[in-house]
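Student: Sending over a structure as structure tokens; questions will come in a sec.
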Amino acid sequence: MPALYPTSAPERSTLDARPGDVLLQFGVDWCGHCQAAEPAIAQAMTAYPGLSHLRIEDGAGRPLGRSFRVKLWPTLVLLRDGQELARLVRPTQAAQVLALLRALG
């Protein structure tokens with residue numbers, strides 16, 4: 001089974017310069033909270049099929065998560081044109097994720 005959170009991550013400067021909308025999902029494969037949140041996130045994402053969704057492995061030695069001040073997993077960060085619109089930490093229900101995604105307008 002492939003890793004849910006790939007070990008490679010984009011540079012912060014790449015995300016800052018990226019046009020459009022993107023949802024960043026920080027976590028790790030072995031995290032129970034990440035595993036529990038996955039169905040809710042997947043369900044909510046069906047309402048936004050065109051939204052770019054990047055799963056990013058976080059943890060010690062991972063500068064991207066630190067640059068976004070990620071402290072708990074999973075943390076969802078919604079970006080528009082490289083700027084943070086909203087974030088959600090440890091969602092448990094699709095309704096919570098959908099509320100976050102409504103920040104897209």
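Every read-out reported here was derived from the displayed coordinates using simple, explicitly stated rules and does not represent laboratory data. On a predicted model such as this, the values are computed, not experimentally measured, just so you know. We place every Cβ from the backbone using ideal geometry, glycine too, and count neighbours over all the protein chains shown.
Student: If you restrict to DSSP beta bridges whose two residues both lie in the chain, what percentage is antiparallel, to the nearest 5?
Tutor: 65
Student: Let me have the 222 nm mean residue ellipticity of the chain computed from DSSP H runs of 4+ only, each contributing -39500 (n - 2.57), with the sum over all residues rounded to the nearest 500.
Tutor: Value at 222 nm, helices only: -8500 deg cm²/dmol.
Student: Go through region 2-78 and name the chymotrypsin sites (Phe, Trp or Tyr not before Pro) that are in a DSSP coil and have 13 or fewer other Cβ atoms within 10 Å of their Cβ.
Tutor: Answer by residue number: 30.
Student: Right, here's the next one. How far is it, in nm, from the label point at residue 16 to the one at residue 93 when both lie 7 Å from their Cα along the line to the Cβ?
Tutor: 3.8
Student: Further question: What shape does region 12-104 take by its C-alpha gyration tensor, where a ≥ b ≥ c are the square roots of the eigenvalues and a/c under 1.5 counts as rounded, a/b above b/c as prolate, and the rest as oblate?
Tutor: oblate
Student: Right, next: What's the longest uninterrupted piece of the chain once you rule out the trypsin sites (Lys or Arg not before Pro) that are loop residues per DSSP with at most 15 other Cβ within 10 Å?
Tutor: After excluding every exposed loop site, the longest remaining stretch is 1-68.
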